[in-house]
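Have a look at the structure below before the remarks.
The values are calculated or read from the model by the stated rules, or taken from the named source; none is laboratory data. Everything numeric in this text was worked out from a predicted model, so none of it was measured. Neighbour counts are summed over all protein chains in view; Cβ atoms, including those assigned to glycine, are modelled from backbone coordinates with ideal geometry.
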Amino acid sequence: MILVGTASWADKSLVDSGKFYPPEVKNAEERLRYYADHFPLVEVDSSYYGLPSPAMVQAWADRTPVGFLFNVKAFRLFTGHQALPKVLPKDLREALGADPTRNVYLKDLPGEIRQELWKRMREIVEPLRSTGKFGAWHFQFAPWLAFHPENMELLAECCTQLPGDQLAVEFRNASWWTEKHLERTLELQRELGVSHVVVDAPRGVKPEIPTVWATTDSRLALLRLHGRNAETWNKKGLKTSSERFNYDYSEEELEELVPHLRELEKHAQQVDVLFNNNHEDQGQRNARTLRRLLD
């Protein structure tokens with residue numbers, strides 16, 4: 001089974017373009033319902049920036065049909081990224097007592113606060129779990145997290161903290177994929193029972209992340225498409241992610257993916273394909289084209 005969707009259904013560029021949602025679809029509830037009528041899967045991107053409220057996640061479950069799936073992006077502190085204290089839940093922010101103007105990393109949190117934050121991240125998807133709509137956690141490791149025993153331990157900790165949940169891991173540091181380390185990287189994911197994320201991204205940029213077509217877990221394989229816009233990939237001063245991921249896949253480029261996806265399908269019960277190119281309706285249009293080619 002190959003499920004095709006996009007990373008986000010409410011990106012500002014998409015909504016403002018008026019190219020996917022019809023004029024009568026005017027609010028958040030109507031947009032999610034409309035999206036779920038057209039695609040079976042979506043990635044929640046907002047959870048990377050801050051944990052959503054339980055009421056919000058319950059609304060996502062209520063507004064989507066049986067069988068619809070949400071992949072949820074892990075909170076940024078758990079993937080090696082930094083964050084300002086203001087993005088933490090209020091009580092944890094107050095307990096931390098950190099300088100509100102300075103970024104913190106996971107290592108800066110006392111053990112009790114760290115464990116409580118893990119607990120709350122586990123709990124936010126409970127409305128999705130209970131309705132069968134939770135797909136997988138998406139862990140997008142920071143670009144500076146290289147192939148190193150310390151970062152292997154971080155991945156193992158993520159698995160320990162989310163028992164029973166499916167994890168999908170996207171390494172953004174090229175050192176994981178060198179000839180020397182590639183097989184050990186795939187072996188690590190197999191040992192931990194996490195799904196390798198196949199990445200489609202620009203070539204000729206640094207760090208250049210190769211497209212490694214492989215499966216590491218028989219339950220789920222995942223392809224994530226960021227577009228191939230090398231000019232904007234590392235460009236400074238961009239105001240929105242839609243500027244960075246501004247790329248419209250041609251039908252020929254998408255057709256080249258089909259045999260690779262069919263091969264993944266032989267080794268995993270489910271294959272998720274998520275378009276992260278999010279300028280206007282590029283992701284939705286490209287997702288529709290790929291579904292047609294697969295059919």
Restricting attention to region 250-268, does a residue exist that is of a type outside the set (Lys, Arg), over 27 Å from residue 133 (Cβ atoms) and under 19 Å from the mean Cα position of the chain (by Cα)? no
Over region 65-99, the set of residues basic (Lys, Arg) and within 25 Å of residue 145 (Cα to Cα) is 73, 76, 86
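Please specify each residue of region 237-289 satisfying the condition of being closer than 20 Å to residue 17 by Cβ, of a type in the set (A, V, I, L, M, F, W, C) and modelled with pLDDT of 95 or more. I'd like the intermediate steps shown before the answer.
Narrowing region 237-289 to residues closer than 20 Å to residue 17 by Cβ: 238-250, 274-289.
Restricting the remaining residues to those that are of a type in the set (A, V, I, L, M, F, W, C) gives 238, 245, 274-275, 287.
Matches in region 237-289: 274, 275, 287.
Among 185, 178, which is the only one that is surrounded by 17 or more Cβ atoms within 10 Å (Cβ to Cβ), touching a residue at least 24 places away in the same chain (Cβ under 8 Å) and over 29 Å from residue 280 (Cα atoms)?
185
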Based on this model, can you work out whether residue 41 counts as modelled with pLDDT of 95 or more, in contact with a Gly (Cβ under 7 Å, 6 or more places away or on another chain), under 30 Å from residue 30 (Cα atoms) and buried (at least 18 other Cβ atoms within 10 Å of the Cβ)? yes
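Which of the helices (runs of 4 or more DSSP H) found entirely inside region 116-218 contain at least 2 residues meeting this: of a type in the set (D, E, K, R) and within 29 Å of residue 96 (Cα to Cα)?
149-161
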Any idea which residue in region 163-175 is surrounded by the fewest Cβ atoms within 10 Å (Cβ to Cβ), counting only those that are closer than 16 Å to residue 217 by Cα and among the aliphatic types (A, V, I, L, M)? 167
Could you list, in sequence order, the residues of region 279-295 that are surrounded by 18 or more Cβ atoms within 10 Å (Cβ to Cβ) and assigned to a loop (DSSP other than H, G, I, E, B)? 279, 280, 281
Spot the failing condition for residue 158; the list is (1) in contact (Cβ under 8 Å) with a residue 60 or more places away in the chain; (2) loosely packed, with under 15 Cβ neighbours inside 10 Å, and only one is missed. (2)
When you check residue 221 against the structure, is it closer than 21 Å to residue 257 by Cα, touching a helix residue (DSSP H, G or I) at 6+ places or on another chain (Cβ under 8 Å), surrounded by 20 or more Cβ atoms within 10 Å (Cβ to Cβ) and of a type in the set (Gly, Ala, Ser), yes or no? yes
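Would you say residue 66 is out of contact with any Leu (no Cβ under 7 Å at 6 or more places or on another chain), under 14 Å from residue 127 (Cα atoms), surrounded by fewer than 13 Cβ atoms within 10 Å (Cβ to Cβ) and of a type outside the set (D, E, K, R)? So that I can check it myself, show each step before the final result.
Details: out of contact with any Leu (no Cβ under 7 Å at 6 or more places or on another chain): yes; under 14 Å from residue 127 (Cα atoms): yes; surrounded by fewer than 13 Cβ atoms within 10 Å (Cβ to Cβ): yes; of a type outside the set (D, E, K, R): yes.
For residue 66, the condition - out of contact with any Leu (no Cβ under 7 Å at 6 or more places or on another chain), under 14 Å from residue 127 (Cα atoms), surrounded by fewer than 13 Cβ atoms within 10 Å (Cβ to Cβ) and of a type outside the set (D, E, K, R) - is met.
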Filter region 72-103 down to residues that are within 22 Å of the chain's Cα centre (by Cα), hydrophobic (A, V, I, L, M, F, W, C) and not in a helix (DSSP H, G or I), then give me how many there are. 6
Any chance you could count how many residues in region 123-150 are of a type in the set (Phe, Trp, Tyr), surrounded by fewer than 16 Cβ atoms within 10 Å (Cβ to Cβ) and closer than 13 Å to residue 68 by Cα? 0
Just wondering, is there one or more residues in region 84-91 that are without any contact (Cβ under 8 Å) to a residue 60 or more places away in the chain, over 22 Å from residue 131 (Cβ atoms), in contact with a helix residue (DSSP H, G or I) (Cβ under 9 Å, 6 or more places away or on another chain) and crowded, with 18+ Cβ neighbours inside 10 Å? yes
